[in-house]
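Notes follow the structure.
The values are calculated or read from the model by the stated rules, or taken from the named source; none is laboratory data. Predicted model only: the values in this text are computed from it and were never measured. Note that each Cβ is placed from the backbone with ideal geometry, even for glycine, and that neighbours are counted across all protein chains shown. Please note that ligands, DNA and RNA were not included when accessible areas were found on the heavy atoms of the full protein model with its side chains. Shrake-Rupley method; radii C 1.70, N 1.55, O 1.52, S 1.80 Å.
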Amino acid sequence: MKTILTSGWGLNTRLVLGETHKPTPRDYEVLVEVGAASVNPKDWKLNYHLAILATPLGIHHLPPLFGDDLAGIIVAKGCKVTRFEVGDAVYGMDMRLRTASLAEYAVINECRIAHMPTNINFNEAASVPLAAQTALQGLRKGNARVGSAVLIIGASGGVGTFAVQIAKAMGCQVTAVCGTNNVGLVKSLGADSVIDYRQHDYRKIDEKFDIVFDVTAYETPMSCANLLKYNAFFISTAGTARALFTALRHQKQRTAIIKVESYQDDLNTITKWIESGLVKPVIDSIFPLKDSQKAYEKSRSGRACGKIVIEVKP
(Lines give C-alpha, C1' and ligand atoms only; values in the text may rest on other atoms or scores of the structure.)
Protein backbone atom coordinates (compact mmCIF):
# COMPACT_ATOMS: atom_id res chain seq x y z
CA MET A 1 0.00 0.00 0.00
CA LYS A 2 1.04 3.62 -0.47
CA THR A 3 2.14 5.37 2.70
CA ILE A 4 4.11 8.41 3.80
CA LEU A 5 7.64 7.64 4.99
CA THR A 6 10.46 9.87 6.18
CA SER A 7 13.69 10.67 4.42
CA GLY A 8 16.51 12.46 6.24
CA TRP A 9 16.83 13.46 9.89
CA GLY A 10 16.02 16.29 12.25
CA LEU A 11 15.19 19.57 10.56
CA ASN A 12 16.19 18.00 7.23
CA THR A 13 13.47 15.36 7.45
CA ARG A 14 11.21 15.21 4.43
CA LEU A 15 8.04 13.24 3.84
CA VAL A 16 8.06 10.97 0.81
CA LEU A 17 5.50 8.64 -0.72
CA GLY A 18 6.55 5.01 -0.39
CA GLU A 19 5.22 1.48 -0.15
CA THR A 20 4.66 -0.70 2.92
CA HIS A 21 2.68 -3.80 3.76
CA LYS A 22 -0.98 -3.41 4.61
CA PRO A 23 -1.34 -3.77 8.40
CA THR A 24 -3.40 -6.51 9.99
CA PRO A 25 -5.83 -5.63 12.80
CA ARG A 26 -5.38 -7.28 16.18
CA ASP A 27 -8.21 -8.53 18.42
CA TYR A 28 -9.70 -5.14 19.33
CA GLU A 29 -8.61 -3.23 16.23
CA VAL A 30 -10.19 -2.38 12.92
CA LEU A 31 -8.52 -1.89 9.54
CA VAL A 32 -9.64 1.37 7.97
CA GLU A 33 -9.36 2.26 4.30
CA VAL A 34 -8.37 5.87 4.87
CA GLY A 35 -10.32 8.51 3.02
CA ALA A 36 -8.52 11.47 4.61
CA ALA A 37 -6.18 12.40 7.43
CA SER A 38 -5.17 15.77 8.85
CA VAL A 39 -2.06 17.60 9.95
CA ASN A 40 -1.24 18.29 13.59
CA PRO A 41 1.92 20.00 14.87
CA LYS A 42 2.50 17.02 17.17
CA ASP A 43 3.29 14.90 14.11
CA TRP A 44 6.29 16.86 12.86
CA LYS A 45 7.49 17.83 16.33
CA LEU A 46 7.47 14.19 17.42
CA ASN A 47 9.27 13.00 14.32
CA TYR A 48 12.05 15.56 14.72
CA HIS A 49 12.60 14.52 18.33
CA LEU A 50 12.70 10.85 17.36
CA ALA A 51 15.12 11.60 14.55
CA ILE A 52 17.48 13.39 16.93
CA LEU A 53 17.42 10.36 19.24
CA ALA A 54 17.65 7.81 16.45
CA THR A 55 20.71 9.18 14.68
CA PRO A 56 23.27 8.56 17.45
CA LEU A 57 21.74 5.11 17.99
CA GLY A 58 22.53 4.14 14.42
CA ILE A 59 18.86 3.88 13.39
CA HIS A 60 18.58 4.84 9.75
CA HIS A 61 14.89 4.23 8.99
CA LEU A 62 11.87 5.24 11.02
CA PRO A 63 8.57 3.36 10.61
CA PRO A 64 5.56 5.27 9.31
CA LEU A 65 4.66 7.73 12.08
CA PHE A 66 2.73 10.54 10.51
CA GLY A 67 -1.00 11.08 10.87
CA ASP A 68 -3.08 10.77 14.03
CA ASP A 69 -6.52 11.73 12.69
CA LEU A 70 -8.32 9.57 10.18
CA ALA A 71 -11.68 9.18 8.51
CA GLY A 72 -12.56 6.24 6.33
CA ILE A 73 -14.32 2.90 5.89
CA ILE A 74 -13.74 -0.23 7.96
CA VAL A 75 -12.62 -3.05 5.65
CA ALA A 76 -11.63 -5.66 8.25
CA LYS A 77 -11.83 -6.09 12.02
CA GLY A 78 -10.29 -8.11 14.81
CA CYS A 79 -12.10 -11.09 16.31
CA LYS A 80 -13.05 -9.21 19.51
CA VAL A 81 -14.41 -6.03 17.91
CA THR A 82 -18.07 -5.64 18.85
CA ARG A 83 -18.94 -1.99 18.27
CA PHE A 84 -18.37 -1.75 14.52
CA GLU A 85 -18.95 -3.68 11.33
CA VAL A 86 -17.12 -3.89 8.02
CA GLY A 87 -18.45 -1.08 5.84
CA ASP A 88 -18.97 1.42 8.67
CA ALA A 89 -17.78 4.98 8.05
CA VAL A 90 -15.71 6.01 11.09
CA TYR A 91 -13.42 8.75 12.35
CA GLY A 92 -11.01 9.03 15.25
CA MET A 93 -7.37 9.16 16.23
CA ASP A 94 -4.78 7.61 18.50
CA MET A 95 -1.96 9.52 20.18
CA ARG A 96 0.25 6.45 20.18
CA LEU A 97 2.74 5.82 17.37
CA ARG A 98 0.67 3.19 15.64
CA THR A 99 -2.07 5.14 13.84
CA ALA A 100 0.09 6.19 10.87
CA SER A 101 -2.97 7.46 9.02
CA LEU A 102 -1.01 9.02 6.15
CA ALA A 103 -1.48 5.79 4.27
CA GLU A 104 -4.07 3.97 2.22
CA TYR A 105 -4.88 1.73 5.21
CA ALA A 106 -4.42 2.10 8.98
CA VAL A 107 -5.29 0.05 12.05
CA ILE A 108 -6.82 1.60 15.15
CA ASN A 109 -8.41 0.33 18.35
CA GLU A 110 -12.21 0.35 18.31
CA CYS A 111 -12.36 2.44 21.50
CA ARG A 112 -10.55 5.33 19.73
CA ILE A 113 -13.09 5.80 16.93
CA ALA A 114 -16.78 6.58 16.45
CA HIS A 115 -19.27 6.49 13.64
CA MET A 116 -18.70 9.47 11.37
CA PRO A 117 -21.20 12.36 11.37
CA THR A 118 -23.66 11.79 8.55
CA ASN A 119 -23.61 15.38 7.29
CA ILE A 120 -19.89 15.81 6.52
CA ASN A 121 -17.42 14.17 4.13
CA PHE A 122 -14.13 12.36 4.81
CA ASN A 123 -12.02 15.51 4.46
CA GLU A 124 -14.14 17.38 7.00
CA ALA A 125 -14.36 14.42 9.37
CA ALA A 126 -10.59 13.89 9.34
CA SER A 127 -10.10 17.44 10.60
CA VAL A 128 -12.13 16.82 13.75
CA PRO A 129 -10.77 14.20 16.18
CA LEU A 130 -7.59 15.64 17.69
CA ALA A 131 -8.45 19.34 17.49
CA ALA A 132 -12.07 19.07 18.62
CA GLN A 133 -11.27 16.68 21.47
CA THR A 134 -8.44 18.96 22.61
CA ALA A 135 -10.95 21.82 22.73
CA LEU A 136 -13.60 19.78 24.52
CA GLN A 137 -11.23 18.27 27.07
CA GLY A 138 -9.62 21.65 27.72
CA LEU A 139 -12.95 23.35 28.37
CA ARG A 140 -14.02 20.47 30.57
CA LYS A 141 -10.78 20.82 32.58
CA GLY A 142 -11.69 24.46 33.10
CA ASN A 143 -15.10 23.47 34.46
CA ALA A 144 -16.90 25.22 31.60
CA ARG A 145 -20.64 25.56 32.14
CA VAL A 146 -23.58 27.70 31.09
CA GLY A 147 -22.66 31.33 31.60
CA SER A 148 -18.89 30.81 32.03
CA ALA A 149 -16.83 33.69 30.65
CA VAL A 150 -14.18 32.14 28.41
CA LEU A 151 -11.23 33.77 26.66
CA ILE A 152 -9.81 31.71 23.79
CA ILE A 153 -6.34 32.77 22.64
CA GLY A 154 -5.58 31.52 19.12
CA ALA A 155 -9.21 31.24 18.04
CA SER A 156 -8.60 30.88 14.31
CA GLY A 157 -6.34 27.81 14.42
CA GLY A 158 -7.25 24.15 14.27
CA VAL A 159 -8.04 23.80 17.98
CA GLY A 160 -9.23 27.38 18.35
CA THR A 161 -12.01 27.21 15.75
CA PHE A 162 -13.43 24.17 17.52
CA ALA A 163 -12.93 25.72 20.97
CA VAL A 164 -15.05 28.75 20.06
CA GLN A 165 -17.90 26.60 18.76
CA ILE A 166 -17.77 23.99 21.52
CA ALA A 167 -17.70 26.68 24.23
CA LYS A 168 -20.82 28.21 22.70
CA ALA A 169 -22.45 24.77 22.48
CA MET A 170 -21.76 24.41 26.21
CA GLY A 171 -23.49 27.74 26.90
CA CYS A 172 -20.42 29.88 27.57
CA GLN A 173 -19.84 33.55 26.82
CA VAL A 174 -16.87 33.56 24.45
CA THR A 175 -14.27 36.24 23.83
CA ALA A 176 -11.88 35.18 21.09
CA VAL A 177 -8.40 36.40 20.17
CA CYS A 178 -7.13 36.19 16.59
CA GLY A 179 -5.39 38.20 13.87
CA THR A 180 -6.92 40.87 11.66
CA ASN A 181 -7.56 38.62 8.66
CA ASN A 182 -9.56 36.09 10.69
CA VAL A 183 -11.84 38.34 12.73
CA GLY A 184 -14.77 37.78 10.37
CA LEU A 185 -14.38 34.01 10.43
CA VAL A 186 -14.20 33.84 14.22
CA LYS A 187 -17.30 36.02 14.56
CA SER A 188 -19.12 33.68 12.19
CA LEU A 189 -18.28 30.75 14.46
CA GLY A 190 -20.31 32.35 17.24
CA ALA A 191 -17.82 34.31 19.36
CA ASP A 192 -19.60 36.98 21.40
CA SER A 193 -16.66 39.35 20.96
CA VAL A 194 -13.36 39.21 19.10
CA ILE A 195 -10.06 40.92 19.95
CA ASP A 196 -7.63 41.56 17.10
CA TYR A 197 -4.26 41.00 18.73
CA ARG A 198 -2.58 43.08 16.03
CA GLN A 199 -4.60 46.12 17.15
CA HIS A 200 -4.96 45.54 20.91
CA ASP A 201 -2.97 43.87 23.69
CA TYR A 202 -5.55 41.43 24.99
CA ARG A 203 -3.51 40.84 28.14
CA LYS A 204 -4.23 44.42 29.25
CA ILE A 205 -8.00 44.54 28.82
CA ASP A 206 -10.18 45.23 31.88
CA GLU A 207 -12.46 42.21 31.51
CA LYS A 208 -11.78 39.08 33.59
CA PHE A 209 -12.66 35.48 32.80
CA ASP A 210 -13.59 32.19 34.42
CA ILE A 211 -11.41 30.34 31.89
CA VAL A 212 -8.45 31.51 29.86
CA PHE A 213 -7.80 28.83 27.23
CA ASP A 214 -4.49 29.40 25.44
CA VAL A 215 -4.43 27.06 22.48
CA THR A 216 -1.29 28.73 21.12
CA ALA A 217 0.67 27.59 24.22
CA TYR A 218 2.68 30.82 24.19
CA GLU A 219 1.09 32.37 27.26
CA THR A 220 1.50 31.45 30.93
CA PRO A 221 -0.55 31.91 34.13
CA MET A 222 1.73 34.84 34.96
CA SER A 223 1.36 36.61 31.61
CA CYS A 224 -2.43 36.24 31.79
CA ALA A 225 -2.83 36.96 35.52
CA ASN A 226 -4.68 40.20 34.80
CA LEU A 227 -7.35 38.26 32.89
CA LEU A 228 -8.22 35.69 35.54
CA LYS A 229 -11.08 35.97 38.00
CA TYR A 230 -10.60 34.64 41.52
CA ASN A 231 -10.46 30.82 41.27
CA ALA A 232 -10.41 31.00 37.47
CA PHE A 233 -8.73 28.35 35.34
CA PHE A 234 -5.76 28.84 33.01
CA ILE A 235 -5.75 26.05 30.40
CA SER A 236 -2.83 25.47 28.02
CA THR A 237 -1.92 23.00 25.32
CA ALA A 238 1.69 23.47 26.51
CA GLY A 239 3.22 23.25 23.07
CA THR A 240 6.39 25.09 24.09
CA ALA A 241 8.91 24.21 26.78
CA ARG A 242 8.48 27.61 28.41
CA ALA A 243 4.70 27.26 28.63
CA LEU A 244 4.94 23.71 29.93
CA PHE A 245 7.49 24.57 32.61
CA THR A 246 5.58 27.62 33.79
CA ALA A 247 2.25 25.81 33.81
CA LEU A 248 3.70 22.98 35.87
CA ARG A 249 5.03 25.49 38.41
CA HIS A 250 1.57 26.99 38.78
CA GLN A 251 -0.55 23.84 38.88
CA LYS A 252 -1.86 24.73 42.35
CA GLN A 253 -3.31 27.91 40.86
CA ARG A 254 -6.01 26.03 38.91
CA THR A 255 -3.80 25.51 35.88
CA ALA A 256 -4.29 22.54 33.56
CA ILE A 257 -2.15 21.21 30.74
CA ILE A 258 -4.13 19.34 28.11
CA LYS A 259 -2.83 15.98 26.97
CA VAL A 260 -5.54 14.99 24.56
CA GLU A 261 -6.75 11.43 24.26
CA SER A 262 -9.37 9.95 21.96
CA TYR A 263 -12.50 8.70 23.70
CA GLN A 264 -15.52 7.29 21.92
CA ASP A 265 -17.92 9.14 24.22
CA ASP A 266 -16.24 12.46 23.40
CA LEU A 267 -16.36 11.75 19.68
CA ASN A 268 -20.04 10.84 19.97
CA THR A 269 -20.73 14.12 21.76
CA ILE A 270 -18.92 16.05 19.04
CA THR A 271 -20.82 14.07 16.38
CA LYS A 272 -24.14 15.21 17.86
CA TRP A 273 -23.00 18.84 17.80
CA ILE A 274 -21.85 18.53 14.19
CA GLU A 275 -25.06 16.84 13.06
CA SER A 276 -27.16 19.47 14.83
CA GLY A 277 -25.20 22.30 13.20
CA LEU A 278 -23.71 23.66 16.43
CA VAL A 279 -20.17 22.76 15.35
CA LYS A 280 -18.68 22.72 11.86
CA PRO A 281 -15.14 21.89 10.73
CA VAL A 282 -13.09 24.77 9.36
CA ILE A 283 -10.71 23.65 6.61
CA ASP A 284 -7.72 25.79 5.69
CA SER A 285 -6.52 23.69 2.77
CA ILE A 286 -6.52 20.18 1.31
CA PHE A 287 -3.43 18.42 -0.07
CA PRO A 288 -3.16 15.09 -1.88
CA LEU A 289 -1.22 12.35 -0.11
CA LYS A 290 1.81 12.77 -2.39
CA ASP A 291 2.09 16.42 -1.28
CA SER A 292 2.20 15.70 2.45
CA GLN A 293 5.55 17.51 2.71
CA LYS A 294 3.91 20.71 1.46
CA ALA A 295 1.08 20.28 3.94
CA TYR A 296 3.51 20.03 6.85
CA GLU A 297 5.50 23.00 5.61
CA LYS A 298 2.30 25.02 5.77
CA SER A 299 1.63 23.73 9.29
CA ARG A 300 5.10 24.77 10.42
CA SER A 301 4.51 28.27 9.02
CA GLY A 302 1.89 28.83 11.72
CA ARG A 303 -0.39 30.57 9.23
CA ALA A 304 -3.14 28.02 8.82
CA CYS A 305 -6.69 29.13 9.53
CA GLY A 306 -8.53 26.03 10.67
CA LYS A 307 -7.26 22.58 9.81
CA ILE A 308 -4.94 21.31 7.07
CA VAL A 309 -6.29 18.10 5.54
CA ILE A 310 -4.54 15.41 3.52
CA GLU A 311 -6.84 13.64 1.09
CA VAL A 312 -5.76 10.02 0.85
CA LYS A 313 -8.49 8.62 -1.38
CA PRO A 314 -9.97 11.24 -3.77
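Applying the condition of being within 26 Å of residue 181 (Cβ to Cβ) and charged (D, E, K, R) to the range 207-245 and asking which residue is modelled with the lowest pLDDT yields 219.
Given the residues 291, 284, which is the only one that is modelled with pLDDT of 95 or more, under 22 Å from residue 131 (Cβ atoms) and over 19 Å from the mean Cα position of the chain (by Cα)? Steps first, answer last, please.
Working: 284 fails: over 19 Å from the mean Cα position of the chain (by Cα).
From the options 291, 284, the qualifying one is 291.
Do the conditions hold for residue 135, that is, is it buried (at least 24 other Cβ atoms within 10 Å of the Cβ), modelled with pLDDT of 95 or more and within 21 Å of residue 228 (Cβ to Cβ)?
Details: buried (at least 24 other Cβ atoms within 10 Å of the Cβ): yes; modelled with pLDDT of 95 or more: yes; within 21 Å of residue 228 (Cβ to Cβ): yes.
Yes; evaluated as a whole, the condition is true for this residue.
Being closer than 19 Å to residue 309 by Cα and either part of a strand (DSSP E or B) or of a type in the set (Ser, Thr, Tyr) (or both) is a description that applies to residue 134. Among the residues of the range 166-197, just one is open to solvent by less than 10 Å² (accessible area, probe 1.4 Å) and out of contact with any strand residue (DSSP E or B) (no Cβ under 9 Å at 6 or more places or on another chain), namely 166. Comparison of 226, 231, 181 shows that the only residue that is more than 17 Å from residue 305 (Cα to Cα) and in a helix (DSSP H, G or I) is 226. For the range 154-184, a residue qualifies if it is more than 17 Å from residue 277 (Cβ to Cβ) and out of contact with any helix residue (DSSP H, G or I) (no Cβ under 7 Å at 6 or more places or on another chain), and the qualifying residues are 157, 160, 172, 173, 175, 179, 180, 181, 182, 183, 184.
Residues of the range 265-314 that are surrounded by 16 or more Cβ atoms within 10 Å (Cβ to Cβ) and closer than 30 Å to residue 82 by Cβ: 266, 267, 269, 270, 271, 273, 274, 279, 281, 312.
Among the residues examined, residue 104 does not qualify as among the acidic types (Asp, Glu), within 18 Å of residue 273 (Cβ to Cβ) and open to solvent by 40 Å² or more (accessible area, probe 1.4 Å).
Could you tell me which of the residues 99, 82 is without any contact (Cβ under 8 Å) to a residue 40 or more places away in the chain, open to solvent by less than 50 Å² (accessible area, probe 1.4 Å) and either of a type outside the set (Asp, Glu) or closer than 25 Å to residue 259 by Cβ (or both)?
On the way: 82 fails: open to solvent by less than 50 Å² (accessible area, probe 1.4 Å).
Result of the check over 99, 82: 99.
What is the residue count in the range 12-27 for residues that are over 24 Å from the mean Cα position of the chain (by Cα) and in a strand (DSSP E or B)? Selection size over the range 12-27: 2. In this structure, does residue 75 turn out to be β-branched (Val, Ile, Thr), in a strand (DSSP E or B) and open to solvent by 30 Å² or more (accessible area, probe 1.4 Å)? Criteria met by residue 75. For the range 81-121, the tally of residues that are under 22 Å from residue 293 (Cβ atoms), in a strand (DSSP E or B) and touching a Lys or Arg at 6+ places or on another chain (Cβ under 8 Å) stands at 3.
Are any residues in the range 203-241 without any contact (Cβ under 8 Å) to a residue 12 or more places away in the chain and among the aliphatic types (A, V, I, L, M), and if so, which ones? Let's see the steps before the verdict.
Of all residues in the range 203-241, those without any contact (Cβ under 8 Å) to a residue 12 or more places away in the chain come to 206, 225, 230, 241.
Within the range 203-241, 225, 241 qualify.
On the stretch given as the range 188-223, residues that are within 19 Å of residue 305 (Cβ to Cβ), under 20 Å from the mean Cα position of the chain (by Cα) and part of a strand (DSSP E or B) total 2. Residue 309 meets all of the listed conditions (1) among the aliphatic types (A, V, I, L, M); (2) within 15 Å of the chain's Cα centre (by Cα); (3) at pLDDT below 95; (4) more than 27 Å from residue 210 (Cβ to Cβ) but one, namely (3).
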